[in-house]
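So the structure is just underneath, and the comments pick up after that.
We did not get these values from a lab; they are worked out from the coordinates using the rules stated. Note that the structure is predicted; figures quoted are calculated from it, not measured. Note that we place each Cβ from the backbone using ideal geometry, even for glycine, and neighbour counts take in every protein chain shown.
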Amino acid sequence: MMKKHNLTIKKLATILVVLITILSMAVVPQAQACSRLVYESSNGPITARSMDWFQDPDAELWFFPKGMDRDGGAGDNSITWTSKYSSIITSSYGLATVDGINDQGLVANLLFLEETQYGDAKPGDSTLSVGGWGQFVLDNYATVQEAVTGLQDLHDQNNLKIVTASFGELIDQGLMDPLESKLLQATLKDVDFSLHLSLSDKSGDSAIFEYIKGELTIHHDHEYDVLTNDPTFDEQLALNQSWLTLNNYWGQQTKNGSSFLPGSNSATSRFVRASYYLTTMEDNVVKSRLEQDRRSELAAALGIIRNVSDPLGLDGFAFTTTQWRTLANQRTSTQKITNEPATYFFEYTKSPNVFWADIDILKDKGAGVMVFDSVTDPRLAGNVSEQFHETEPFSWDISSTMD
């Protein structure tokens with residue numbers, strides 16, 4: 001009788017933990033949904049990312065050469081710099097670098113975080129448009145450690161203040177076209193472009209940068225290989241640990257090592273699932289066979305990011321849907337298999353194929369700024385590096401919204 005009583009208590013405790021975890025996830029806003037993960041390999045990491053949004057954010061691929069003179073695009077005190085490295089990036093709305101890789105293998109991904117507060121720029125502060133934040137990093141740093149040190153120093157010395165604007169301000173100033181849905185535009189009118197930043201490099205190092213109440217918080221560790229959206233990263237880590245504890249207990253009770261995972265499209269559910277698959281594959285003997293074939297590793301990383309993507313059927317007022325996905329191939333100099341340049345893969349959700357660009361090919365063309373603006377073409381497949389054409393760079397200048 002006592003054994004049955006103890007078993008009942010254990011079952012009730014398990015149910016209580018599940019309910020608490022589910023409720024904690026239910027209060028997380030689901031308006032914006034993007035995911036990022038870093039797939040580790042002895043051949044070098046692969047950083048995968050999904051872009052989830054209410055509509056197609058007018059994605060374009062760009063090549064930026066080193067040696068470009070840059071401006072922060074945020075008023076008279078905008079920071080200026082000259083790019084040290086070349087990069088391939090994805091832009092949104094012709095206003096922001098939201099994803100990309102430089103020729104040193106550093107990858108930047110910017111995802112929505114509603115809790116972001118960059119703080120108000122004071123007179124004399126050096127300013128940078130949020131649309132140029134990712135590009136500033138790709139232009140100036142070769143490794144995560146360099147970026148962590150550099151961005152922290154700039155923040156501590158008040159030499160870098162991120163400036164953002166709301167959707168309504170951008171539309172009113174003609175910097176962004178009106179949204180397809182009037183209801184959506186009215187809903188987002190006062191919503192700022194509020195982003196947090198993840199970085200990874202070819203050593204597998206990783207860091208997350210968040211501005212909370214005007215202060216820069218940096219989470220820097222090789223193990224920080226997943227990022228989604230709200231809540232803040234430290235809270236996501238705690239929620240993920242709760243699921244890990246629950247799964248360990250579940251496996252002990254079932255005595256077969258089985259696991260169960262959250263299935264919603266909330267940021268926390270996606271964080272837990274991505275973390276689970278990455279950890280499980282790290283421990284899986286099958287991974288050693290995948291490392292003999294980079295194509296298989298790319299497929300594995302793409303499989304995980306697809307698992308945490310939102311299908312088009314969820315599109316609607318309350319949900320975003322996955323518009324595109326990227327893979328950044330960060331090969332190391334000690335790889336076991338064929339040498340390849342830093343390669344950037346792109347998958348448009350409504351197209352049947354994946355295409356890619358090689359940064360070395362684009363550099364060898366000897367041109368200046370180049371764009372590939374046909375990402376929605378369903379016929380695309382394979383290497384599209386030769387289809388980039390020379391043009392003027394887009395602008396992330398939002399100075400007109402600062403008056």
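Each residue of region 388-403 is assigned a 3J(HN,Hα), and the resulting list reads 5, 10, 6, 6, 7, x, 6, 10, 9, 5, 10, 4, 5, 8, 8, 6 Hz, derived from the Karplus form 6.51 cos²θ - 1.76 cosθ + 1.60 (θ = phi - 60°), x at Gly and Pro.
Charged neighbours of Thr326, selected by a Cβ distance under 11 Å, balance to +1 (K, R count +1; D, E count -1).
Going by neighbour counts of Cβ atoms within 10 Å, the residues Lys350, Lys84 line up, fewest first, as Lys350, Lys84. Taking every alpha-carbon pair under 8 Å whose residues sit at least 6 apart, region 95-250 reaches a relative contact order of 29 percent. What the Kirkwood sum gives for region 118-254 is a hydrodynamic radius of 17.4 Å, with every pair of different alpha carbons counted.
If you rank Arg270, Arg306 by fewest surrounding Cβ atoms within 10 Å, what's the result? Before the final figure, lay out the partial values.
Numbers: Arg270 28, Arg306 15.
Result, fewest neighbours first: Arg306, Arg270.
Put simply, the amide H of Tyr211, placed in the peptide plane, has neighbours under 5 Å in Gln117, Thr217, leaving out anything fewer than 5 places away on its chain. Couplings 3J(HN,Hα) for region 49-65, derived from phi with the Karplus relation 6.51 cos²θ - 1.76 cosθ + 1.60 (θ = phi - 60°), are 8, 10, 10, 10, 7, 6, 7, 4, x, 6, 5, 9, 9, 10, 10, 10, x Hz, where x marks Gly and Pro. Positive contributions from Lys and Arg (+1) and negative ones from Asp and Glu (-1), summed over other residues with Cβ under 12 Å from the Cβ of Thr376, come out at -4. Karplus-derived 3J(HN,Hα) values for region 354-368, using 6.51 cos²θ - 1.76 cosθ + 1.60 with θ = phi - 60°, are 9, 10, 7, 9, 9, 5, 5, 4, 5, 5, 5, 5, x, 8, x Hz; glycine and proline are entered as x. Sorting Trp133, Trp53, Trp62, Trp81 from the fewest to the most surrounding beta carbons within 10 angstrom yields Trp81, Trp53, Trp62, Trp133. Local charge for Phe355 was computed over the other residues whose Cβ lies under 14 Å away, with Lys and Arg +1 and Asp and Glu -1, and equals -3.
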